[in-house]
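Enquirer: Take this structure first; my questions come after.
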């Protein structure tokens, strides 16, 4: 039995949430799960260790409209996924605005997909 040692609740993405590099405009991957502190990103290439990025992605806001989040992230770890050619990469959020924080919190707290 494994014990969860994360600081914050995380929630699995059940629909594809595309993540883009805000600087280059390129799609960088899609969300595996999100917490208020960070994210698991699934990519088709290994990203540089210890790198900083500016990511953008959309989540539904509490009013039902899609909200574009802009978040500064710091790469923490990366490993090959169970599917050849895919990588799991963990990021810590280092810069997120108040409105983006509110939308992210509402999405995480909404029913379905939380890890126990």
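Enquirer: Return the pair list, or none, for Cβ contacts closer than 6 Å from residues in region 61-90 that are under 21 Å from residue 24 (Cα atoms) to residues that are modelled with pLDDT under 95 and loosely packed, with under 11 Cβ neighbours inside 10 Å, at least 6 apart or on different chains.
Expert: none
Enquirer: Kindly indicate whether residue 85 is surrounded by 12 or more Cβ atoms within 10 Å (Cβ to Cβ) and at positive phi.
Expert: no
Enquirer: Determine whether residue 69 is modelled with pLDDT of 95 or more, crowded, with 16+ Cβ neighbours inside 10 Å and in contact with a helix residue (DSSP H, G or I) (Cβ under 7 Å, 6 or more places away or on another chain).
Expert: Values: modelled with pLDDT of 95 or more: yes; crowded, with 16+ Cβ neighbours inside 10 Å: yes; in contact with a helix residue (DSSP H, G or I) (Cβ under 7 Å, 6 or more places away or on another chain): yes.
Yes; evaluated as a whole, the condition is true for this residue.
Enquirer: I've got another one for you. Does region 33-45 include one or more residues that are loosely packed, with under 14 Cβ neighbours inside 10 Å and at pLDDT 95 or above?
Expert: The answer is no; no qualifying residue exists.
Enquirer: Of the residues 79, 99, only one is in a helix (DSSP H, G or I), exposed (fewer than 15 other Cβ atoms within 10 Å of the Cβ) and in contact with a strand residue (DSSP E or B) (Cβ under 8 Å, 6 or more places away or on another chain); which?
Expert: Testing whether each residue is in a helix (DSSP H, G or I), exposed (fewer than 15 other Cβ atoms within 10 Å of the Cβ) and in contact with a strand residue (DSSP E or B) (Cβ under 8 Å, 6 or more places away or on another chain) leaves just 99.
The values are calculated or read from the model by the stated rules, or taken from the named source; none is laboratory data. Keep in mind that what you see is a predicted model, and the values were worked out from it rather than measured. All Cβ positions, even for glycine, are placed from backbone atoms using ideal geometry, and neighbour counts span all protein chains on display.
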